[in-house]
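To start, the structure under review is shown below, and the notes come after it.
The values are calculated or read from the model by the stated rules, or taken from the named source; none is laboratory data. What you see is a predicted model; the values in this text were computed from it and never measured. Methodologically, a virtual Cβ is constructed for each residue, glycine included, from the backbone with ideal geometry; neighbour enumeration extends over all protein chains shown.
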Amino acid sequence: MIRPCFLVIDREFPGSISTRKLVIETAKFNVITAYSGKEALETVKRFPALNGVVLDGGLDDIPCGEVSARLKQMQPQIPIIVIAGPGFAGCPHADTILESFDPRRLLEILRELRPEDSAAIEARNEQLSLEKLGS
């Protein structure tokens with residue numbers, strides 16, 4: 001099974017890693033992280049086989065709308081999920097805007113993008129649980 005891979009574009013904070021990355025990895029999806037719009041665009045050039053992008057609507061270096069427009073120029077079909085505050089409209093190229101960081105809702109959205117892969121991951125988790133019980 002090849003697990004879906006998502007690019008998380010998050011603001012960088014001293015001494016911490018992306019909480020969004022950790023949440024997505026709990027669903028056993030692969031994650032590549034970029035901590036600025038510039039780094040994200042370079043990352044997509046290096047790793048183009050992405051299944052989607054999770055983008056912080058409040059990036060500091062390049063506005064969300066510009067980052068999403070450039071991502072769509074590079075990969076027109078790539079789904080972009082923007083996480084921003086209520087009423088955010090600064091990212092017209094986003095496919096989904098999640099108004100607040102609700103980890104469960106984010107995972108639902110990502111699973112909906114890759115339902116077959118998500119089902120295979122869940123089936124594997126169940127198999128591992130049964131094997132552990134049988135030990």
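General remarks:
- Taking the range 75-93 as the range and being over 19 Å from Arg20 (Cβ atoms) and either of a type in the set (Phe, Trp, Tyr) or under 17 Å from the mean Cα position of the chain (by Cα) (or both) as the test, the residues that pass are Gln75, Pro76, Gln77, His93.
- Screening Val23, Val8 for residues that are part of a strand (DSSP E or B) and either hydrophobic (A, V, I, L, M, F, W, C) or within 16 Å of Leu107 (Cα to Cα) (or both) leaves exactly one candidate, Val8.
- Which numbered condition Ala34 misses (of (1) buried (at least 21 other Cβ atoms within 10 Å of the Cβ); (2) at pLDDT below 90): (2)
- Matching option when the condition is under 14 Å from the mean Cα position of the chain (by Cα), among the small types (Gly, Ala, Ser) and within 23 Å of Asp102 (Cβ to Cβ), among Ala40, Ala49: Ala40
- Residue match in the range 69-81 (condition: within 22 Å of Lys28 (Cα to Cα), modelled with pLDDT of 95 or more and outside any loop (DSSP other than H, G, I, E, B)): yes
- Number of residues in the range 70-102 that are closer than 17 Å to Asp10 by Cα and not acidic (Asp, Glu): the value is 18.
- Boolean, Ile121 is closer than 21 Å to Lys21 by Cβ, at pLDDT below 90 and surrounded by 13 or more Cβ atoms within 10 Å (Cβ to Cβ): yes
- Total residues in the range 24-36, condition within 24 Å of Pro63 (Cα to Cα), out of contact with any strand residue (DSSP E or B) (no Cβ under 7 Å at 6 or more places or on another chain) and not hydroxyl-bearing (Ser, Thr, Tyr): 0
- Residue within the range 56-79 that is closer than 30 Å to Gln127 by Cα, touching a residue at least 40 places away in the same chain (Cβ under 8 Å) and either buried (at least 21 other Cβ atoms within 10 Å of the Cβ) or out of contact with any strand residue (DSSP E or B) (no Cβ under 6 Å at 6 or more places or on another chain) (or both) present: no
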